[in-house]
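A.B. asks: Below is a structure I'd like to ask you about.
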Amino acid sequence: MAGRNMSFFRLIEKGDEPRRLFVGGLHGNEGLTTIKAFKALSFEDVKDGKLIIYNCDPTSYLSTLKRSYYNTRQGKEIISLIKYYRPSIYVEAHCYKNYKRLIDPDRKRKIGVPPLIELENGVLIGSVSPHIRTTFFKRADVCITLEMPCIQYKIDNKALRTYTSILKVIASIKDRPELEEKLAKKYPEQVEIARRYAIEFFGDYPPF
Ligand SMILES: [Zn+2]
C-alpha cells in the first residue's frame, strides 16, 4: 500500500451531542472516491455536536454483509471507532461498480438484505450491515449506507455533488425526525420505500 495512503481523519467539534461518525472506503479502493466527498465537508456544515470523519486506506475487498468483515483489521478498526465515539448518527460511505446488483428488487431473496434505494444521479441509500445495526446501535440511532459510482479520477461529477449534499444534510441534523423531515422534503417516495424495507427486514425498526 506504500504511496497509496488515503487514510484521513478529521474531528469537527462544536459540543458533545449529537455524535456523528462518517466512515468511508471500508473495503477495496472505495476510499479513493469517498475521500473526495469527505474533503468537501467543512466546519460550517456541522451545526452542533461532533462530526468524526474517517476514510480508510485501500484494503482487499470483503463485503460488509459478511460477518468476517468485522473481524478483519479494517473491520475491527471501524468497530473500535464506533465503540469509542458511540455515535447516534453513523454513516458508511461506499462506492460501487455494479449498480444493478445493489438495486435488484430480488436482493433480499438472493443475499438476505433489501435493495438500496436511488435518491438521484446514481446515489443510493440504505441501512448498514445487519451485523452491526442491531448489535452496536440503538433502535433510535441513525445508520445509513450511502453509495455512489466509484470515480477515481473525475473530479466534477453529478453523483459526487448529490452524495456530498446528502452528507452535508446528515452533518447538520441532530436526530432521526429532523433527518427524515429533510430527506422526505426532497425524496418523499424514497423515504417511504426505506420505511417499508426497514419494517420488512428488521421488524419494528425505523428506516436508515
Ligand atoms: Zn462498499
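A.B. asks: Arranged by the count of other C-beta atoms within 10 angstrom, fewest first, what order do R10, R176 take? Intermediate values should be presented prior to the final figure.
C.D. replies: Values: R10 14, R176 17.
Listed from fewest to most nearby Cβ atoms, that is R10, R176.
A.B. asks: Please list 102-112, 162-172, 74-84 highest first by mean number of surrounding beta-carbon atoms within 10 Å per residue.
C.D. replies: Working: 102-112: 12.5, 162-172: 20.2, 74-84: 15.5.
Result, highest mean first: 162-172, 74-84, 102-112.
A.B. asks: Could you point to the residue in L167, F202, I111 farthest towards the positive end of the chain's charge dipole, with +1 and -1 charges on the Cβ of Lys/Arg and Asp/Glu respectively?
C.D. replies: I111
A.B. asks: Fewest Cβ neighbours within 10 Å first, please rank S60, S88, S7 accordingly.
C.D. replies: Working: S60 8, S88 20, S7 15.
If I rank by nearby Cβ atoms, fewest first, I get S60, S7, S88.
A.B. asks: Still on this structure: What helices does the chain hold that run 20 Å or longer along their axis, going by alpha-carbon atoms, with a Kyte-Doolittle average of -0.5 or more, using DSSP H for the helix calls? Mind showing how you got there, number by number?
C.D. replies: On the way: long enough: 158-172 (21 Å, 0.52); 188-202 (21 Å, -0.23).
Answer set is 158-172, 188-202.
A.B. asks: Is the C-alpha gyration tensor of the range 141-207 telling us rounded, prolate or oblate? Criteria: a/c under 1.5 is rounded; beyond that, a/b larger than b/c is prolate, otherwise oblate.
C.D. replies: Numbers: a/c = 2.25, a/b = 1.72, b/c = 1.31.
Prolate is the answer for the range 141-207, as a/c is 1.5 or above and a/b outweighs b/c.
A.B. asks: Using θ = phi - 60° and the Karplus form 6.51 cos²θ - 1.76 cosθ + 1.60, what ³J(HN,Hα) does each residue of the range 8-14 get, whole Hz, x for Gly and Pro?
C.D. replies: Couplings: 9, 10, 8, 10, 10, 10, 10 Hz.
A.B. asks: While we're here: At 222 nm, what helix-only mean residue ellipticity would the chain give, in deg cm²/dmol to the nearest 500, using -39500 (n - 2.57) for each DSSP H run of four or more? Provide the component values of the computation, followed by the final result.
C.D. replies: Details: 8 runs with 76 residues, N = 208.
After summing the helix terms and dividing by residue count, I get -10500 deg cm²/dmol.
A.B. asks: Also, I was wondering about something else. Residue separation times 0.36 nm, minus the C-alpha to C-alpha distance between E120 and E181: what's the value? Each step should come with its number before you reach the end.
C.D. replies: Working: separation 61, 0.36 × 61 = 21.96 nm, distance 1.75 nm.
Roughly 20.2 nm would be gained on extension.
A.B. asks: Could you tell me the center-to-center distance, by alpha carbons, between the range 116-184 and the range 4-33 in angstrom?
C.D. replies: That distance is 13 Å.
A.B. asks: Which cross-chain or sequence-distant (5 or more) residues have an amide H under 5 Å from the amide H of V142, H modelled 1.01 Å from N in plane?
C.D. replies: The list, which skips near neighbours in sequence, is I89, Y90.
A.B. asks: Along the three principal axes, how long is the range 8-202 when you take its alpha carbons, biggest first, rounded to the nearest angstrom?
C.D. replies: Cα extents, longest axis first: 43, 37, 37 Å.
Each reported figure results from applying straightforward, stated rules to the coordinates on display, with no laboratory input. Keep in mind the model is a prediction, meaning the values are calculated, not measured. FYI the Cβ positions are ideal-geometry reconstructions off the backbone, even for glycines, and counts take in every protein chain you see.
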